[in-house]
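Notes to accompany the following structure.
The values are calculated or read from the model by the stated rules, or taken from the named source; none is laboratory data. Computed from a predicted model, the values in this text were never measured in an experiment. Ideal geometry is used to build each Cβ from the backbone, glycine not excepted, and the neighbour counts take in all protein chains shown.
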Amino acid sequence: MQLPDHIVNKALELQQGQSQPLVSYIYDLPELRLHLEMMKADLPDQVELFYAVKANPDPVILQQVAEIVDGLEIASGGELELIQPFLQGKPFIFGGPAKLSEDLYQAIALGADLLHIESASELIRLNSLAQRQQLKVPVLLRLNPVLPEEMQTTLTMAGRATAFGIDEQHLADVINLAKRCDWIDLQGFHIHALSHQLEAERHLRLLDFLIGRACQLAEQHGFELKKLNLGGGIGVNYRQPEQQYQWPVFADGLRNLLDHSERRHLQIRFEMGRYLTAFCGYYVMEVLDLKHNHGADFAVCRGGTHQFRLPAAQSHSHPFICIETGRYPELQHFALEAASITVAGQLCTPKDILARDHFVQRVSIGDLLVFPLAGAYAWNISHQNFLCHPAPVFHYLRPDDVSVSADASGVESDKQCESLKIKEVNTAAEEVNTEIEEVIV
């Protein structure tokens, strides 16, 4: 695996521009836009692409993504607040378990396009909140369907005992309840069945099954299926980075799946995160020390899993590329050559490991290790305050080789006006919050 020249050059430039050892994230925004535009162009007209904000809520990334996708998917009140400056008239949808009544109330007030309902009790709460505002609310019921064994993956969200969605055996009761609720407009199902799909053909077989099952259930329970959200689930191959999901195969196959008379009327949505932003991100660590312990070679680096938790969370050894810098000539005799190294961070725990037994031709103290595929579920899922190490600085590559830096919040200096808009949303919601206290059940 090779790094693009402009990423290598930027990493070296960042290291040379500071006296402290380097740790940083680099985001390639032009590459992000090209990737998203390609994805959008390949999809059939009846399919909409939403961004799952949880994958990377960095405001700079969020702004870029929001300009291209059809809408945003959120799963908390915090994300609801965050996205307001970036919607620009585009829809948002609200899913996830254990939604607070306060957040549901705000989502209704701010015009949620669809709310994904997890249970009968949540449906009752939502109907009460909608009645208070005299607004009929469009919903999808999140279904936990029975899945064939061969369709499961390492992260199966449905077809088994999980906290997500409605079991098929309870579906009739919830549908009948929705029909009786005066302020609920039932439009279809939400089915996020699996994550980490790496094979397009296998994914398409799953979607064919789910679309067929959703149509059967809607007919069986007597309501018109207008919209179907099929979640996300496309994975990134961290173990074999040269073998990624075949998006063109998926897009063509999806078009064929939907080319049936009983499916052409359906509005299909995907809420994708990892596959949208992972490829634009790079995590850069400077080697602080090299050592040999109990038969193993270690590179101890600035940073660690408190900033880049993805490898630990996914239980994989993350790929990286070593950039030789020659920064410390007086320490070159500690260099390792033709070695398999394990990469450790600065934390006081043996679990602070990002890669294991990775072969390098040569690595020296002061060299840079660059971890690609770091644009999703990386900084934002990390235990950032452990040991009180300072956060990395974020660098955003713009077109024409323009680079902008930001602090750990991801807010650039010229984004302060957008931050103010978020505060305005908070102020406007204060009245809503007062009323919610009387509504929560």
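Out of all the residues in region 320-345, which are under 19 Å from VAL284 (Cβ atoms) and in contact with a Leu (Cβ under 7 Å, 6 or more places away or on another chain)? Write out each step before concluding.
Within region 320-345, the subset under 19 Å from VAL284 (Cβ atoms) is 320-328, 341-345.
Correct list: PHE320, ILE321, CYS322, ILE323, THR325, VAL343, GLY345.
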*Which condition breaks for GLN187 when tested against (1) part of a strand (DSSP E or B); (2) modelled with pLDDT under 95; (3) polar (S, T, N, Q)?*
(2)
_Residues that are in contact (Cβ under 8 Å) with a residue 12 or more places away in the chain and under 21 Å from ALA172 (Cβ atoms): does region 229-246 have at least one?_
yes
*Please indicate, with yes or no, whether at least one residue in region 308-325 is in the same structural domain as VAL370 (by TED's automatic domain parsing), more than 18 Å from the chain's Cα centre (by Cα) and farther than 29 Å from LEU36 by Cα.*
yes
*What is the number of the single condition among (1) crowded, with 17+ Cβ neighbours inside 10 Å; (2) modelled with pLDDT under 95 that GLN2 does not meet?*
(1)
*Residue under evaluation THR349, criteria (1) in contact (Cβ under 8 Å) with a residue 60 or more places away in the chain; (2) outside any strand (DSSP E or B), criterion not met*: (1)
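May I ask you to verify whether ASP113 is surrounded by fewer than 21 Cβ atoms within 10 Å (Cβ to Cβ), assigned by TED's automatic domain parsing to the domain that holds GLY233 and acidic (Asp, Glu)?
Numbers: surrounded by fewer than 21 Cβ atoms within 10 Å (Cβ to Cβ): yes; assigned by TED's automatic domain parsing to the domain that holds GLY233: yes; acidic (Asp, Glu): yes.
Here the answer is yes, as ASP113 does meet what is asked.
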*Filtered residues of region 371-394 (kept if in a strand (DSSP E or B) and surrounded by fewer than 20 Cβ atoms within 10 Å (Cβ to Cβ))*: VAL393
*With (1) surrounded by fewer than 19 Cβ atoms within 10 Å (Cβ to Cβ); (2) touching a residue at least 40 places away in the same chain (Cβ under 8 Å); (3) more than 25 Å from the chain's Cα centre (by Cα) as the list, and GLN133 as the residue in question, which single condition is left unmet?*
(2)
*Select from region 302-317 the residues that are surrounded by 24 or more Cβ atoms within 10 Å (Cβ to Cβ) and either in contact with a strand residue (DSSP E or B) (Cβ under 8 Å, 6 or more places away or on another chain) or part of a loop (DSSP other than H, G, I, E, B) (or both) and list them in ascending order.*
GLY303, GLY304, GLN307, PHE308
*How many of the residues in region 324-346 are surrounded by fewer than 17 Cβ atoms within 10 Å (Cβ to Cβ) and either touching an Asp or Glu at 6+ places or on another chain (Cβ under 6 Å) or part of a strand (DSSP E or B) (or both)?*
4
*What are the residues in region 247-293 that are in a strand (DSSP E or B) and without any contact (Cβ under 8 Å) to a residue 24 or more places away in the chain, if any?*
LYS291, HIS292, ASN293
*asked:* Can you find a residue that is in the same structural domain as ASP289 (by TED's automatic domain parsing) and more than 24 Å from ASN385 (Cα to Cα) anywhere in region 345-357?
replied: yes
*Among the residues of region 11-40, write down those that are touching a helix residue (DSSP H, G or I) at 6+ places or on another chain (Cβ under 9 Å) and assigned to a helix (DSSP H, G or I).*
LEU29, PRO30, GLU31, LEU32, ARG33, HIS35, LEU36, MET38, MET39
